[in-house]
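To start, the structure itself, in structure tokens.
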Amino acid sequence: MNRRKHQLEEAIQAQIDTIIRREMRDTRVGMVTITRVDLSGDLQNATIFVSVLGEPEEEKETLKALRGAKGFFRRELAQRLHVRHVPQL
């Protein structure tokens with residue numbers, strides 16, 4: 001695995017976790033753990049894997065809220081990470 005890719009995956013995972021825990025104000029987001037981040041080879045796309053605790057309906061609402069916050073996450077990552085291009089989430 002490319003060292004830069006691995007470092008960027010770890011940085012994205014840590015920052016997304018911090019953003020969810022500290023800055024998200026959406027009440028639909030329950031207990032979420034970021035389990036893994038996979039970056040494409042060209043570093044343009046990131047797939048974020050999450051684990052959600054709760055009832056099935058709560059899980060659906062949490063995932064819906066997280067998908068809706070992709071733009072918010074990307075904007076926050078742009079401010080926190082020192083990269084030329086922030087990957088699509």
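Looking only at residues that are surrounded by fewer than 17 Cβ atoms within 10 Å (Cβ to Cβ) and among the charged types (D, E, K, R) in segment 47-59, which one is nearest to the chain's Cα centre (by Cα)?
The residue in question is E58.
Test T62 against the stated conditions and say whether it is touching a Gly at 6+ places or on another chain (Cβ under 7 Å) and of a type in the set (S, T, Y). First the steps, then the outcome.
Details: touching a Gly at 6+ places or on another chain (Cβ under 7 Å): yes; of a type in the set (S, T, Y): yes.
For T62, the condition - touching a Gly at 6+ places or on another chain (Cβ under 7 Å) and of a type in the set (S, T, Y) - is met.
Looking at segment 63-76, can you tell me whether even one residue there is surrounded by 12 or more Cβ atoms within 10 Å (Cβ to Cβ), out of contact with any Pro (no Cβ under 6 Å at 6 or more places or on another chain), modelled with pLDDT under 90 and not hydroxyl-bearing (S, T, Y)?
no
Taking R4 as the residue in question, decide whether it is open to solvent by 30 Å² or more (accessible area, probe 1.4 Å) and part of a strand (DSSP E or B). Working first, answer last.
On the way: open to solvent by 30 Å² or more (accessible area, probe 1.4 Å): yes; part of a strand (DSSP E or B): no.
No.
Would you pick out the residues in segment 7-46 that are open to solvent by 80 Å² or more (accessible area, probe 1.4 Å), part of a loop (DSSP other than H, G, I, E, B) and of a type in the set (D, E, K, R)?
R25, R28, D42
The values are calculated or read from the model by the stated rules, or taken from the named source; none is laboratory data. In this text the structure is predicted, and so the values were computed from the model without any measurement. All Cβ positions, even for glycine, are placed from backbone atoms using ideal geometry, and neighbour counts span all protein chains on display. The accessibility values were calculated without ligands, DNA or RNA, using every heavy atom of the protein model including side chains. Shrake-Rupley method; radii C 1.70, N 1.55, O 1.52, S 1.80 Å.
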